[in-house]
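Working notes, structure below.
The values are calculated or read from the model by the stated rules, or taken from the named source; none is laboratory data. Everything quoted here is computed from the prediction, not taken from an experiment. All Cβ positions, glycine included, derive from the backbone under ideal geometry; neighbour counts span all protein chains shown. Note: areas computed on protein heavy atoms with side chains; ligands, DNA, RNA excluded. Shrake-Rupley method; radii C 1.70, N 1.55, O 1.52, S 1.80 Å.
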Amino acid sequence: MSYELWKEALSLFAGGVNSPVRALVRPSPFFTAKGEGPFLITEDGKKIIDYVLGYGPLILGHSPERVKQKIKEQVDKGWLYGTPSRIEVELAKKIINHIPSAQKVRFVNSGTEATMNAIRLARGFTGRTKILKFNGNYHGAHDYALIEAGSAVSEYGITISKGVPEEVVRTVTVCEYNDLECVERRLKSENIAAVILEPVMGNYGVIPPEDGFLRGVKELTSTYGSLLIFDEVITGFRLDIGGAQSLFKVVPDLTTLGKIIGGGLPIGAITGKREIMESITPAGSVFNAGTFNANPLSMTAGIATIEELENKNPYTEINRAAEVLADEIDQMIKTEHVTHRIGSMFQFFLGVKDVKNASDAKITNRALYLKIHEMLLKEGVFIPPSQLETIFTSTSHNDEVINITIDKFKKVLGELA
Ligand SMILES: Cc1ncc(COP(=O)(O)O)c(C=O)c1O
Ligand SMILES: NCC(=O)CCC(=O)O
């Protein structure tokens, strides 16, 4: 049973979990025994409609048949070689084929590793040290990313993580999202190696770039000799098969990927312009290595997932599911709020009127959001346990599932009114 496992977990893990966002589930975290299509089946035998989807990777829902089959076939061939393999070549070709900025690829094991290495690469390539990031953007859990970050960092009230050295903090400068003037000021006055950003914010609720913001940052970085890194760990292969950069037609110098490209298995990738990527070891001297880099099982699940996206082009369908649900919720909430949706990502902000950056979003009524999360979970619907995370749809969220979800929202919001 979940509750007994939770009690045990509290004695085994810091805060009972292995990633902090998971501890926020109310009234206490449920333990999952199985994932199937749009559902999580808990250790208590409850079937729950899942809009968290592993925090983004599961664009085809849980355990999609073809991906499962391909993983099983790969298991028969072994799951770690310590040598190059045909499958990493195949997945890299798919990424280069779809992502406009991608000319070469380095596979790593998480989004965190991807942005950490992309930042080192930008520093090594430009010979500069400073990085410009945006308040509330989340780039994983390494030192250079844990400064005014979104997601669980902000949810737990951490501005700069303890343990990050002062010297490191001084190498990172921060602007508000959508504030081009700030970007220009910083690029002018500080010697910046790279600007890193989420092309659509997905770690402070969903906050889209304003018209001209991404293009403006691109122009400014090229004027001042800095590199532009799009962190597409969430948006890559989700907003479009070519990521946000295809959707907005702005091509960065480097792109970090993760989540969907591993089909639900651990993965990350740094990709970008050939001449920059050539600085990575052993071609260049910006060091990267990893026992598990380009792991055969992750490569296989990634290829199978991208093949499904190529063959079925499900974007209209998953976007529509999100649109129907987001619109219904938007109309049901009678108090002041904002709903942002882009493609199959959305989130609602309670008690605010206009949200264009993390400072605007900071004052949303998070306690009420959590209450809604808790009441929905009781009804069998799992939305993220934090206002700052994104609600995702997948190809498994069909009309029936969406309609059930709408009814559950109606019930919960009705009870709260
Ligand atoms: C935009 C972005 N970058 C990086 C990361 C870190 O990825 P990982 O959790 O795989 O380390 C995340 C995780 O959610 C993310 O959303
Ligand atoms: N939006 C942040 C994440 O998706 C990360 C998940 C985790 O840290 O467990």
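Can you tell me the length gained on complete extension of the stretch THR223 to GLU278, counting 0.36 nm per residue apart and subtracting the Cα distance? Walk me through the numbers before you get to the answer.
On the way: separation 55, 0.36 × 55 = 19.80 nm, distance 2.26 nm.
Additional length available on full extension: 17.5 nm.
Hey, if we sort PHE392, PHE125 by accessible area with the 1.4 Å probe, largest down, what's the order?
Most to least solvent-accessible, the answer reads PHE125, PHE392.
Considering amide H positions built from the backbone, and no H for Pro or chain starts, which residues 5 or more places from HIS62, or on another chain, come under 5 Å of its amide H?
GLU36, GLY37, PHE39
Which of the three applies to the chain, rounded, prolate or oblate, going by the alpha-carbon gyration tensor with a ≥ b ≥ c and a/c under 1.5 meaning rounded? If you can, show how the numbers build up before the last one.
On the way: a/c = 1.57, a/b = 1.21, b/c = 1.29.
Oblate is the answer for the chain, as a/c is 1.5 or above yet b/c matches or exceeds a/b.
Let me check I've understood the local charge: for GLU88, count other residues with C-beta under 13 angstrom from its C-beta, Lys and Arg +1, Asp and Glu -1. What total comes out? Spell out each step's value before the answer.
Working: positive: ARG86, LYS93, LYS94, LYS104, ARG106; negative: GLU90.
Counting the neighbours of GLU88, the net charge comes to +4.
Rounded to the nearest 0.05, what FRET efficiency do ASN191 and ARG170 give with R0 = 22 Å and r taken as the Cβ-Cβ distance? Could you check?
Computed FRET efficiency for ASN191 and ARG170 comes out at 0.95.
What are the ³J(HN,Hα) couplings of segment 264-280, residue after residue, when phi is run through the Karplus curve with 6.51, -1.76, 1.60 and θ = phi - 60°? Round to Hz, x for glycine and proline.
With the stated coefficients, segment 264-280 comes to x, 9, x, 6, x, 8, 10, 8, x, 4, 3, 5, 7, 4, 5, 7, 7 Hz.
Just subtract the alpha-carbon distance of GLU65 and SER285 from 0.36 nm times their residue separation and send over the number in nm, one decimal. Numbers along the way, then the final one.
Working: separation 220, 0.36 × 220 = 79.20 nm, distance 4.19 nm.
Stretched fully, the GLU65-SER285 segment lengthens by 75.0 nm.
Would you kindly find the accessible area of LEU297, with a 1.4 Å probe and non-protein molecules such as ligands, DNA and RNA excluded, rounding to the nearest 10 Å²?
Rounded to the nearest 10, the figure is 30 Å².
How much length would be gained if the chain were fully extended between ASN97 and THR335, taking 0.36 nm per residue of separation minus their Cα-Cα distance, in nm to one decimal?
Values: separation 238, 0.36 × 238 = 85.68 nm, distance 4.54 nm.
Length difference between fully extended and current span is 81.1 nm.
Roughly to the nearest percent, how much of the accessible area of segment 304-417 is carbon and sulfur, given a 1.4 Å probe? It would help to have the intermediate numbers written out before the result.
Details: 2260 of 4820 Å².
The C+S portion of the solvent-accessible surface of segment 304-417 is 47 percent.
Counting only heavy atoms of the protein chains, get the accessible area per residue of the chain (1.4 Å probe) and round it to a whole Å² value. Write out the running numbers ahead of the final one.
On the way: 17620 Å² over 417 residues.
Per residue, the chain has 42 Å² of solvent-accessible surface.
Provide, as a two-decimal number, the C-alpha radius of gyration of segment 83-153 over 2.2 N^0.38 Å, N being how many residues it has.
Values: Rg = 14.5 Å, N = 71, 2.2 N^0.38 = 11.1 Å.
It is 1.30.
Within the set of other residues whose C-beta is less than 12 Å from the C-beta of ASN288, count the net charge using Lys and Arg as +1 and Asp and Glu as -1. Walk me through the numbers on the way to the answer.
Details: positive: ARG106, ARG120; negative: GLU113.
Residues close to ASN288 contribute a combined charge of +1.
Which lysines have a Cα less than 27 Å from the Cα of LYS353, not counting those fewer than 8 places away in the same chain?
LYS133, LYS334, LYS362, LYS371, LYS408, LYS410, LYS411
Would you rank PHE39, PHE287, PHE230 by solvent-accessible area, highest first, keeping every protein chain in place and using a 1.4 Å probe? All intermediate terms of the calculation are to be shown ahead of the outcome.
Details: PHE39 50, PHE287 130, PHE230 0 Å².
Accessible-area ranking of PHE39, PHE287, PHE230, largest first: PHE287, PHE39, PHE230.
At 7 Å along Cα-to-Cβ for each site, give me the label-to-label distance between GLU374 and GLU4 in nm.
So the two model labels end up 2.5 nm from each other.
At 1.4 Å probe size, put SER101, SER63 in order of accessible surface, largest to smallest.
Details: SER101 5, SER63 60 Å².
Listed by decreasing accessible area, they come as SER63, SER101.
Could you tell me which residue out of LEU146, GLY16, VAL52 lies farthest along the dipole of segment 1-152 toward its positive end? Charges go on the beta carbon: Lys and Arg +1, Asp and Glu -1, centred on the Cα centre.
LEU146
Once you order the gyration tensor axes a ≥ b ≥ c over the Cα atoms, which shape class does segment 141-202 get: rounded for a/c under 1.5, otherwise prolate or oblate by comparing a/b with b/c?
Numbers: a/c = 2.27, a/b = 1.30, b/c = 1.76.
Cα axes put segment 141-202 in the oblate bin.
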